[in-house]
Every structure is written in C-alpha cells, then in structure tokens.
Amino acid sequence: MEPVKKIEIITNSVELRKVLEFLERVGVPGYTVIRNVIGKGDRGTASDDIEVTVLSNVYVMTVCTEEQVNEVAEAMRPILKRFGGVCLVSDAQSVIH
Amino acid sequence: MEPVKKIEIITNSVELRKVLEFLERVGVPGYTVIRNVIGKGDRGTASDDIEVTVLSNVYVMTVCTEEQVNEVAEAMRPILKRFGGVCLVSDAQSVIH
Amino acid sequence: MEPVKKIEIITNSVELRKVLEFLERVGVPGYTVIRNVIGKGDRGTASDDIEVTVLSNVYVMTVCTEEQVNEVAEAMRPILKRFGGVCLVSDAQSVIH
C-alpha cells in the first residue's frame, strides 16, 4: 500500500466543471463524483427538490500526492469562497495494483 | 488548513430528521446528505428496491471541532442502537476560505 | 469509541457482486454502497449517461479490523487490476453502540 492524500470537495454543482478541470491541470490521475448530494452549509440549504436542482451540491473525491495537496487546496479556496462548500484533506493508504 | 474531526453517519432514512436536528443543536455548521444508499449491517440488508424504500439508508457527513465530537457521538449512540448503522470519526484538515 | 480501519472501494459496477461476496467471506460485518457514481480513472471516464450505464462505477465503504485489512487489500488487487478503480484504507474511530 502506498500513502496518499485523500481530497474531498463538496460544492455547488455549477462549479463541478471548474473543479474537475482544475484537478486535471494539477495532474491528479482520477476522481469520483457523486451528484445530487444535499446539504446545509454556511450559505444555506441545498436540497434536491426539482425546483432547485440547479443549486444542488456535488461530492468529488480524489487522491493526490503530498506534493500536490497545497496546489489543490489553493485552487479550491476561491471556489469555496464564492459558492460555499468544504474541501477536506486526510491521510490514507492506497492499494497498489 | 485547519484540523477538524470528520463525522460520517450511516443510518436508516427514517432517522435522518433526528440526526440533522441533533447536529444543528450541537452547533455543527453544515452537513452533506447522500440518500438512497444501500447496505448491509448487523440488522440486515437495506436495499433501494421500491418495496423497501422506507428502509433505505442515508449517509450523512459533517465536520466538527475536537470539543464537539463526544457530544455528537453520545447523541448518535441511541439512534444506532435502535436502528443499526455506523458513526465514524476521523481526522482531517479543512481548507480555510 | 473503537479504532477501526475504514475501507473505500471505487470500482466498476459489474464487479459489485464480487466485491461484496468477498467482503462477506472475509467476515466484514457490513458495508454501504453508493451506486451510479461517475468518475475518471486510469482506464478512462465512467459517466452515468444512459449509453454507458453498464460501465458506471460504485462506491463501497466498509470498516474492518487491523487484522482483516491485508486480506481485503489482497482480494481487491486483482479486481482493481482488471477493471481499474481505487481501494483506500484509513484510520477511524467507530462509535460503539
């Protein structure tokens, strides 16, 4: 197993394309997206009611190296600032295959 | 980045309102909910088949401070005891924005 | 709270049954499955467009003991090798109930 940094981003769906473009630019090799996530944050509640689908949240998970973490964090900061959301970094071990 | 405690709760959908009410009472500032999660626990299997929708699970993720962890854990215990489920606590760093 | 190993597996939906069968064989007591997850990995992009539903990903989360981790990792390796995907192991505390 190999030590990695796990990154979890929860933000507004409208920002998904920007988040993924950025991850690709940093060189993160893959990501997982869970759509239609609902939540409450410091900017209010995002539900998956039909009326507010456009404001629903997404959950993006990816792993990166220790060296990439700061670059990812810096990139997420303005997105989180504008739309709310969370970006969490934690330690994990990845099974090598 | 700021150290936080990440809390993940997987429990029966019918308990969602109670879980969220409690998180608000403890002062947790936000949460993310993924609905229609399926799983198997010590109380049997929850699937998202139409027949058993009422028994489907939810996944709730939130972050809190070191000081709030025990209060959240204590509050989840009776819910988990009654309906099964899991409450995991782990360390993470949150990007400040 | 009790220390556990949290295991997260993201792989092709067609492998779900095999992953769950294996977890049961190892004696992991429960798991959570989030279906229709989309992502990009080293094998290309899995989207949830109707055309490629059969190739969509699943997210499986479970907890196990320190002793079970290696067995789970070894079992996931060939599945990840064949279909791509990720298996992450991290430390967590589980609320006892």
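Under 8 Å for C-alpha pairs, at least 6 residues apart: give me the relative contact order for chain B, rounded to a whole percent.
50 percent
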Checklist line | q = 0.08, 0.13, 0.16 Å⁻¹: log10 I(q)/I(0) that the Debye formula gives for the protein assembly as shown, counting C-alpha atoms only | finding: -0.31, -0.88, -1.47
Check: Under a GNM of chain B (C-alpha, springs under 10 Å), which listed residue has the highest mean-square fluctuation: B:Val28, B:Val60, B:Val72?
Finding: B:Val28
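Leaving out ligands, DNA and RNA, calculate the buried accessible area for the pair C and B with a 1.4 Å probe, summed over both sides, in Å² to the nearest 100.
Working: alone 6520 and 6510 Å², together 11190 Å².
Accessible area lost upon association: around 1800 Å².
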Note to self: Once the cut-off is 15 Å, how many percent of the Cα-Cα pairs in chain C end up in the long-distance tail?
What the structure shows: 59 percent
Next item on the list: List the distances, in nm and shortest first, from the label point of A:Pro29 to the matching label points in every other copy, placing each point 7 Å from Cα along the Cα-to-Cβ direction.
Entry: 3.5, 3.5
Checklist line | Helix axis angle, C:16-26 relative to chain C longest principal axis, alpha carbon, degrees | finding: 20 degrees
Next item on the list: For every other residue with a beta carbon closer than 9 angstrom to the beta carbon of B:Val63, add +1 if it is Lys or Arg and -1 if Asp or Glu, then tell me the sum.
Entry: +2
Check: Considering every residue in A:67-78, what mean count of other chain Cβ atoms within 10 Å of its Cβ is obtained?
Finding: 2
Next item on the list: Between A:Arg77 and B:Met1, with labels modelled 7 Å along Cα→Cβ, what's the label distance in nm to one decimal, could you check?
Entry: 1.4 nm
Note to self: List, shortest first and in nm to one decimal, how far the label point of C:Glu71 (7 Å from Cα along Cα→Cβ) is from its counterparts in the other copies.
What the structure shows: 4.1, 4.1
Note to self: Once the label point is set 7 Å along the Cα-to-beta-carbon vector, what list of distances in nm do you get between A:Glu2 and its counterparts in the other copies?
What the structure shows: 3.4, 3.4
Next item on the list: May I ask you to give the percent of accessible area on chain C that is carbon plus sulfur, with a probe radius of 1.4 Å?
Entry: 52 percent
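The values are calculated or read from the model by the stated rules, or taken from the named source; none is laboratory data. As the structure is a computational prediction, the values presented were derived from the model and not from experiment. Using ideal geometry, Cβ is built from the backbone for each residue, glycine included, and neighbour counts are taken over all protein chains shown. For accessibility, only protein heavy atoms count, side chains too; no ligands or nucleic acids. Shrake-Rupley method; radii C 1.70, N 1.55, O 1.52, S 1.80 Å.
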